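To start, the structure under review is shown below, and the notes come after it.
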Amino acid sequence: MPSAPQHMPVMLDEALAMLDVKPGGRYLDATLGLGGHAGAMLDASQPDGRVLGTDADPEALAAASRRLAAFGKRVELRRAWLDAAAQVAVDASFTPLDGVLCDLGVSSLQLDRPARGFSFQREGPLDMQLGPLDQTQTTTAYEIVNQWPAVDLANLIFDYGEERRSRRIARSIVRQRPIETTTELAQAVVDAVGFRPGSRVHPATRVFQAIRLEVNRELERLAEFLSQARSVLRLGGRLVMIMFHSLEDRIVKRFLRDQSSGSAPAFRTLTRRVLRPSAAEIERNPRARSARLRAAEAI
Ligand SMILES: C[S@@+](CC[C@H](N)C(=O)[O-])C[C@H]1O[C@@H](n2cnc3c(N)ncnc32)[C@H](O)[C@@H]1O
């Protein structure tokens, strides 16, 4: 049997403190992943706190359900994309919630399985789907890489990858078509812009991010989820968001700024400045490096 994927929940202490997890509380973990945060929320809300966990990924749900089995009826898991999570909480009679957690992006389970296509370091198909496609998804990674016109590809890499050398990279990708695998795609990027051994970030990182965000419509779903969050929280309930890149962070930051000002604010921001992981956490878990956390209280 393959060993259980290792996963260390990111900024766990900060997330639990900001969620103000308590016995009897009801919480939604809308990016369940391997259930690391959810398990800690269940521990911290002993003996009767409850957690609803949602994720687009059936593999994540299966892994989390094994990890959280000991909590019995205190935990419920459902497959849902982020923009449907609030409705799932309503349908499961979990609302009003005391806290909602979102730890965005991909899990180590997804990243470490080459067959999922998220990693450019190990060969896999051009997949990058967080979960089975739904009717709102119109494109696949393979299609973007092999069929999009160079100009659209360049725009995507510029907008969603925040990559200045997007045109050069897009031209290289188009030239090397057909591209079948993650490692071929990574090579097309390196051919365009080079890669100095020892540099911290591989140039394919941003290209993979861009394609992933498009395939899964992650930023649209995030914005939609935020717009629904207040309606499922009780007064004083907490919204805690963990982001991994500046596009996600900008959406959350602007949302909280807009919602915590004006004549009828819906939230009070609890993190005047964004929180970052401690040096000790980054040392223990290098994947935490780019994490940022923002939290707010429903008013
Ligand atoms: C970083 S992992 C969460 C890890 C989790 N907090 C833990 O401690 O195990 C992010 C998870 O959210 C899911 N996810 C990301 N964006 C999503 C979206 N837009 N809709 C549904 N699930 C999403 C991914 O499938 C992944 O399993």
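The values are calculated or read from the model by the stated rules, or taken from the named source; none is laboratory data. All of these numbers come straight from a predicted model, not from anything done at the bench. So basically every Cβ, Gly included, is an ideal-geometry build from the backbone, and we count neighbours across all protein chains shown. Protein only, heavy atoms only, side chains kept; ligands, DNA and RNA dropped before computing areas. Shrake-Rupley method; radii C 1.70, N 1.55, O 1.52, S 1.80 Å.
What to note about this one:
- Filtering the stretch 206-228 to residues that are within 16 Å of the chain's Cα centre (by Cα), away from the ligand (no atom under 11 Å from the Cβ) and either over 23 Å from Pro132 (Cβ atoms) or not in a helix (DSSP H, G or I) (or both) leaves Arg206, Leu226.
- Looking across the stretch 229-250, the residues that are within 13 Å of the ligand (Cβ to nearest atom) and closer than 21 Å to Met41 by Cβ come down to Val240, Met241, Ile242, Met243, Phe244.
- With respect to being assigned to a helix (DSSP H, G or I) and either on the phi > 0 side of the Ramachandran plot or not charged (D, E, K, R) (or both), Phe195 falls outside the description.
- Leading residue by the ranking (surrounded by the most Cβ atoms within 10 Å (Cβ to Cβ)) among those in the stretch 102-114 that are near the ligand (Cβ under 8 Å from one of its atoms) and of a type in the set (A, V, I, L, M): Val106
- Check on Gln209, modelled with pLDDT of 95 or more and in contact with a His (Cβ under 7 Å, 6 or more places away or on another chain): yes
- Condition broken by Val90, with the remaining ones in (1) out of contact with any Phe, Trp or Tyr (no Cβ under 6 Å at 6 or more places or on another chain); (2) at pLDDT below 95 satisfied: (2)
- One residue from Gly117, Gly99, Gly124 being more than 30 Å from Leu235 (Cα to Cα), buried (at least 24 other Cβ atoms within 10 Å of the Cβ) and more than 8 Å from the ligand (Cβ to nearest atom): Gly117
- In the stretch 29-60, residue most open to solvent (accessible area, probe 1.4 Å) [restricted to those that are away from the ligand (no atom under 12 Å from the Cβ) and under 22 Å from Ala84 (Cα atoms)]: Arg50
- You will find that of Glu224, Glu214, the residue that is buried (at least 18 other Cβ atoms within 10 Å of the Cβ) and within 30 Å of Gly117 (Cα to Cα) is Glu214 and no other.
- Matching entry among Arg167, Arg234 (being surrounded by fewer than 21 Cβ atoms within 10 Å (Cβ to Cβ) and in contact with a Leu (Cβ under 7 Å, 6 or more places away or on another chain)): Arg234
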